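A short write-up of the structure that comes next.
The values are calculated or read from the model by the stated rules, or taken from the named source; none is laboratory data. As the structure is a computational prediction, the values presented were derived from the model and not from experiment. Neighbour counts are summed over all protein chains in view; Cβ atoms, including those assigned to glycine, are modelled from backbone coordinates with ideal geometry.
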Amino acid sequence: MEIREATAADDGRLRQIVRVSFDRVYSFFALRGLRRAWPLLVAEEDGTAVGFLEGKWFEGAPPIGYVYFVAVDPGARRKGIGRGLVEETLKRVAARGATRVFAAVPQENDASIGLFASLGFEKIPRRALWRWYGWRGLGIEMRMFMAPHEALMVRTFTDPSPALAQEV
């Protein structure tokens, strides 16, 4: 498996993966977000895109990374592709100076919650964004397009927050 930046030539294949991976609402937001994503990574096997990760980058002091969508073609699942995409994203956002990376995951999606938890993400209450970032946190949450049924998860690189476990 190779992980690389997406190119314009990947657009059709990414759209196929979106359509078989998400329901209509999530598909709409995933497709809409492809235009402004960073990072936008593709996992390739034998020259064919089999998965992608769409991220968001929020400038500020400190900057924040956000995993917006991870999708793997159903025929390529359970091979570590999603894990590889998230791990590469963690490296990239840390290298750009982020102290935290967030992900919003449907609460009923045990596979995604398990993946993120195995990579050091913890569930946190949404109010933690306010406590950590003030008004900026509210703006970040609104731009994340978090649905009410999603759990907010965070991976902290620096500035650990010891109160996380008590707040969930």
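Mind counting the residues in segment 111-127 that are surrounded by 13 or more Cβ atoms within 10 Å (Cβ to Cβ), more than 12 Å from the chain's Cα centre (by Cα) and part of a helix (DSSP H, G or I)? Residues flagged as surrounded by 13 or more Cβ atoms within 10 Å (Cβ to Cβ), more than 12 Å from the chain's Cα centre (by Cα) and part of a helix (DSSP H, G or I) within segment 111-127 amount to 1. Which condition number does Phe102 fail, the rest of (1) farther than 30 Å from Arg13 by Cα; (2) at pLDDT 85 or above; (3) of a type in the set (Phe, Trp, Tyr) being met? So Phe102 meets the others, but not (1).
Of the numbered criteria (1) modelled with pLDDT of 85 or more; (2) more than 29 Å from Arg13 (Cα to Cα), the one Ala163 fails is (1). Here Phe52 clears all of (1) of a type in the set (A, V, I, L, M, F, W, C); (2) at pLDDT below 95; (3) within 11 Å of the chain's Cα centre (by Cα) except the condition numbered (2).
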